[in-house]
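One structure is given here, and the rest of the page talks about it.
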Number of protein chains: 2
Amino acid sequence: MENTLIREEQITRRQFLTTVGKIGGSAALFSVMGTLGLLSPETMKAAAYTPPSGGDLTLSGRSGKKIIILGAGIAGMTAAYELGGAGYDCTILEARARAGGRAWTVRRGTTVTEIGGVKQVARFDNGLYFNAGPMRIPQFHVTLEYARKFGVAIEPFNNVNESGYYYNENVGELSGVKVPKRQAKADVKGYVSEMLAKAVNQKALDLPLTSEEKAKLVAFLKSEGDLNADLFYKGSERAGYIEEPGGKLDAGVRKDPFSLKAIINSGFGQFFSSEYSYDQQMMMFHPVGGMDMIAKAFEKKVSDRIQFHAEVQEIIQSTDGVRVKYKDLNSGALKEVTGDYCICTIPLSVLKEIKANFSAEMATAISKISYASAGKIGLQFKRRFWEEDEHIFGGNTLTNMDISSIYYPPTDYFAKKGLLLGYYAFGANADKLGKMTVAQREDYALSQGAKIHPQYFKEFEASFSVDWKKIKYNLGGWVAYTADDRKTYYPTLCKPDGRIYLAGEHISYITAWQAGAIESARKVVTELHERVMKE
Amino acid sequence: MENTLIREEQITRRQFLTTVGKIGGSAALFSVMGTLGLLSPETMKAAAYTPPSGGDLTLSGRSGKKIIILGAGIAGMTAAYELGGAGYDCTILEARARAGGRAWTVRRGTTVTEIGGVKQVARFDNGLYFNAGPMRIPQFHVTLEYARKFGVAIEPFNNVNESGYYYNENVGELSGVKVPKRQAKADVKGYVSEMLAKAVNQKALDLPLTSEEKAKLVAFLKSEGDLNADLFYKGSERAGYIEEPGGKLDAGVRKDPFSLKAIINSGFGQFFSSEYSYDQQMMMFHPVGGMDMIAKAFEKKVSDRIQFHAEVQEIIQSTDGVRVKYKDLNSGALKEVTGDYCICTIPLSVLKEIKANFSAEMATAISKISYASAGKIGLQFKRRFWEEDEHIFGGNTLTNMDISSIYYPPTDYFAKKGLLLGYYAFGANADKLGKMTVAQREDYALSQGAKIHPQYFKEFEASFSVDWKKIKYNLGGWVAYTADDRKTYYPTLCKPDGRIYLAGEHISYITAWQAGAIESARKVVTELHERVMKE
């Protein structure tokens, strides 16, 4: 039966791969598939990293190499984990009492005092949390490789939810109307498809297509926009219903479409592409229990190498080695550690204020780079009204108000209480919110959010807000390179400066992601090990 | 601060709702929000059902009303649960040894013998399963209300995954090429946006828009298609990379777009809308551990009312009551049960062969309705190569081969082994696969699937397949009404025939969904209770 289906080259390939699999097992099959182009670039990249071999140092008489790592964030811990596995003697200096850096989960008892601010203590119920820093992971990021290796359980992060809303003010007819995403998308897809189908049919466009291909294009547009037989968009069940379909004679009453004018002026369409970028597409994931579960798993692997409460004061390198002076924040004493090399993962926003004898070129590069503004507020509610009243399970609502977005919790569905992100704001919005007092931020998040969810008034219990520009040892959400920075300063930042290597999300093209921190650390680990082996 | 933000009517509404919330609590707030149109139609529908009151029967001296329910699927158990709560004496006759009907999860030890087929025993490892029937739930379906009420844990069902593939044969240049969904979508969005932007700019379309609105439309198309400044689509990071971006100088190399011709002829675009329909949009959910967790939770509530191994032989109603003759499949004995009313949830495909003294109109209606063909195969693999090698966590791959689709498991990420759906086919494809022997189906699923995942050859362990047309007591996947059926026969099916009420997904406008079964059962429960109270 199957012989009628499979063309000859297919059988040959199948036989070949079966043979490879039988003889060499999974690893050989994987390798051959890679060679044949049957694996994705993501997979090939993941397979490309080879950690330093455990035997290299001892076999070559190079044991005892000391590496000072600055910062116990994801980059620093990746470096310590990978180098430690090869026998390097790593010491991580970390100013905070905890590891993880921006991979920071706020839960009951978490405290923070922003620069110039008052001390906040999270008074959330046990089990409720929000991720102040990274909160989602694309399925192809290296971060998941470590989660797998370390046994960290993951669950989906609901980055797309058609039941979330768009809500804009001052946009004409649809101002102040909360519109389910499904409805805005159905209308936009409908009108766009209708317009293009007409342009194609009226030969208004000079297309390099045969008439058969044009017919295929129009057929696609009909299905894409849910157009009627005459290629008009007259609304779609995709938008949802005024009266839901149900049992017996409840056939459902479809929503009428908004007018083309109203939907264009609404500005909703500009929100769509936030779901399209490579690193925001579904599926996305997050660790069960908080993003810091990954950091904690890393920490467990390298805990004996982390010196907490160690605030770096000065970095001094010579041709022989590196000395780092730090203040022991417990005792106030100034201490020092020495090593053969240093891996510095301190954000540039912080590093530029630390005394160091970098080369002039490196010092300039460090000083020139800006960091992004970003802020979040967690709001605890005593009832998950978004689930119970509005059937929204995770995902977000987007708005042109200053709060920018509301994120519904992608976990613990059906629980009694819940914690949502009352805002996740960037840039000017984040700056505006960040300048407020903690109480003002809460009031602002509630006032604007309540325009979308009036249940806020009744159900709110507690908040905790973070402005990353004001968080000591971070001073910003993530690196914000301009195209010019990438040309002028970035190559310098990527090169070792004598015995000092920079690592972190800022030394990558996956900025603002934990994967950037990991990938940069792996690069440094490989380079450093190669250098040591050549010494 | 907030006063500067909120317009006057907003403050008024806020004050009003706050007051309502304070005085009347959540229920009052909910009710007022509904009246003000602040709740969605989904929510209003969910709130509209009122179960029969527990006191109605006893207070009115109508205790002891006996209801015979045919079929312990979701509809039958919903009816028994809702009527039981009001004091009705329900008896469910179920031919099988288990409840749930099509809500059937196949796991280690599950057996089936299709009509004319051999007995299959699922030899999957413990913990691995697939849902032979319903496998996903839209977040607004009433099904989730019961899951919540019964304490059934849910997790997301990954109905959209851009890392899945499209794979078509005989479609020109892209024949036999597995293309990540993200890539096909980026290219189609890009070209479509480019074409329409040009048509708008060249005034090729007679649009009822001001020039400012046209500019907004073009700005939208630029963001929607990731067009360059000249409104050309030249590829996009959304499609993914040839070389992934990473640490240090790995900036990533973008994929080139396919040509407009190639992408149109590929037919990939026709797959897109499968993600758009109201009941297939993200987010979707499924119970942790298998879809039958919901059926099992229902069963727990009504277990003392279910008579298993009871195969209905004849339904006889008189003006006074209903008698149902059934065969006790354990003893072979013919037995009988009597009641005041009967709720029959037996699929029409099966019911039409059962002796019954329905009215001629009802008998005709029952006999005229067709059922859909649908088939699935579960394939157990000893390694989750889709996750490990290809970074695909859930979601599906769609193809124009007979297998139609491959669904990756939306659960137990990072586990060692995994079970995917090797096909989920409908219509002619399902018929073709259904006609094969079990061994042939397995071979076919492996042969076609291996064109997309050559790892099949090495990693396959066990299969189990289901052809719903050949499953006794179902004889079809779900009801398949034509528009004409809905006009001619459906109203009859919805009306009580004497003392007999039909219920099930087929008595709804949410066919093929458990929600249809539940909604229809609720309607019947309400109607029946009203009738009893009027007696």
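Points worth noting:
- Options B:V532, B:V466, B:V525: the member that is in contact with a Lys or Arg (Cβ under 7 Å, 6 or more places away or on another chain), of a type in the set (V, I, T) and under 29 Å from B:G339 (Cβ atoms): B:V532
- Scanning region A:399-421 for residues that are without any contact (Cβ under 8 Å) to a residue 40 or more places away in the chain and on the phi > 0 side of the Ramachandran plot yields A:S404, A:F414.
- Being within 24 Å of A:A132 (Cα to Cα), of a type in the set (S, T, Y) and not assigned by TED's automatic domain parsing to the domain that holds A:V112 holds for only one residue in A:T511, A:T488, A:T526, and it is A:T511.
- Leading residue by the ranking (surrounded by the fewest Cβ atoms within 10 Å (Cβ to Cβ)) among those in region B:233-245 that are farther than 16 Å from A:S277 by Cβ and facing another protein chain (nearest Cβ under 7 Å): B:I242
- So A:A310, is it among the aliphatic types (A, V, I, L, M), crowded, with 20+ Cβ neighbours inside 10 Å and either farther than 24 Å from A:K523 by Cα or free of Cβ contacts under 8 Å to residues at least 24 places away in the same chain (or both): yes
- Unmet requirement for B:T338, which otherwise passes all of (1) over 30 Å from A:M33 (Cα atoms); (2) assigned to a loop (DSSP other than H, G, I, E, B); (3) out of contact with any Leu (no Cβ under 8 Å at 6 or more places or on another chain): (2)
- Within region B:161-170, the residues that satisfy the criterion of being open to solvent by less than 20 Å² (accessible area, probe 1.4 Å) and out of contact with any Leu (no Cβ under 9 Å at 6 or more places or on another chain) are B:N161, B:S163.
- Looking only at region A:134-153, residues that are in contact (Cβ under 8 Å) with a residue 40 or more places away in the chain and either open to solvent by less than 10 Å² (accessible area, probe 1.4 Å) or not in a loop (DSSP other than H, G, I, E, B) (or both) come to 10 in all.
- Subset of region A:90-128 [open to solvent by 10 Å² or more (accessible area, probe 1.4 Å), outside any loop (DSSP other than H, G, I, E, B), touching a Lys or Arg at 6+ places or on another chain (Cβ under 9 Å) and closer than 18 Å to A:A374 by Cβ]: A:V112
- All conditions but one from (1) open to solvent by less than 30 Å² (accessible area, probe 1.4 Å); (2) of a type in the set (S, T, N, Q); (3) closer than 24 Å to B:S266 by Cα apply to B:N400; the one that does not is (1).
- Counting only residues that are in contact with a helix residue (DSSP H, G or I) (Cβ under 9 Å, 6 or more places away or on another chain) and either among the polar types (S, T, N, Q) or assigned to a strand (DSSP E or B) (or both), region B:154-177 holds 9 of them.
- Within the option set A:N396, A:N330, A:N400, being over 29 Å from A:A425 (Cα atoms) and out of contact with any helix residue (DSSP H, G or I) (no Cβ under 8 Å at 6 or more places or on another chain) holds for one residue only, A:N330.
- Test: residue in region B:211-218 that is under 30 Å from A:I263 (Cβ atoms) and of a type in the set (K, R): yes
- Flag if B:Y424 is among the aromatic types (F, W, Y) and either at positive phi or under 19 Å from the mean Cα position of the chain (by Cα) (or both): yes
- With respect to the conditions (1) open to solvent by 30 Å² or more (accessible area, probe 1.4 Å); (2) under 25 Å from B:V121 (Cα atoms), B:E388 lacks only one, and its number is (2).
- Of all the criteria given as (1) in contact with a helix residue (DSSP H, G or I) (Cβ under 7 Å, 6 or more places away or on another chain); (2) surrounded by fewer than 24 Cβ atoms within 10 Å (Cβ to Cβ), the one not satisfied by A:T345 is (2).
- Single unsatisfied condition, A:F393 versus (1) surrounded by 24 or more Cβ atoms within 10 Å (Cβ to Cβ); (2) of a type in the set (F, W, Y); (3) away from chain B (no Cβ under 14 Å): (3)
- Residue check for A:K248: touching a Cys at 6+ places or on another chain (Cβ under 9 Å) and either more than 9 Å from chain B (Cβ to nearest Cβ) or charged (D, E, K, R) (or both): yes
- Tally of residues being open to solvent by 20 Å² or more (accessible area, probe 1.4 Å), more than 7 Å from chain B (Cβ to nearest Cβ) and more than 39 Å from the chain's Cα centre (by Cα) across region A:193-203: 3
- Residue within region B:501-514 that is more than 14 Å from chain A (Cβ to nearest Cβ) and open to solvent by less than 40 Å² (accessible area, probe 1.4 Å) present: no
- The residue list B:D206, B:D187, B:D230, B:D226 contains one member that is more than 7 Å from every other protein chain (Cβ to nearest Cβ), open to solvent by less than 10 Å² (accessible area, probe 1.4 Å) and either acidic (D, E) or in contact with an Asp or Glu (Cβ under 6 Å, 6 or more places away or on another chain) (or both), which is B:D187.
- Selection within region A:356-385 - of a type in the set (V, I, T) and within 21 Å of A:F124 (Cβ to Cβ): A:I377
- Only residues that are at pLDDT 90 or above and touching a strand residue (DSSP E or B) at 6+ places or on another chain (Cβ under 8 Å) were counted in region A:55-74, giving 10.
- The residues of region B:453-488 that are among the basic types (K, R) and part of a helix (DSSP H, G or I), listed by number, are B:K458, B:K469, B:K470, B:R486, B:K487.
The values are calculated or read from the model by the stated rules, or taken from the named source; none is laboratory data. Values in this document were obtained by computation on a predicted structure and should not be read as measured data. Methodologically, a virtual Cβ is constructed for each residue, glycine included, from the backbone with ideal geometry; neighbour enumeration extends over all protein chains shown. The protein model used for the area step is the full one, side chains on, heavy atoms only, and it has no ligands, DNA or RNA in it. Shrake-Rupley method; radii C 1.70, N 1.55, O 1.52, S 1.80 Å.
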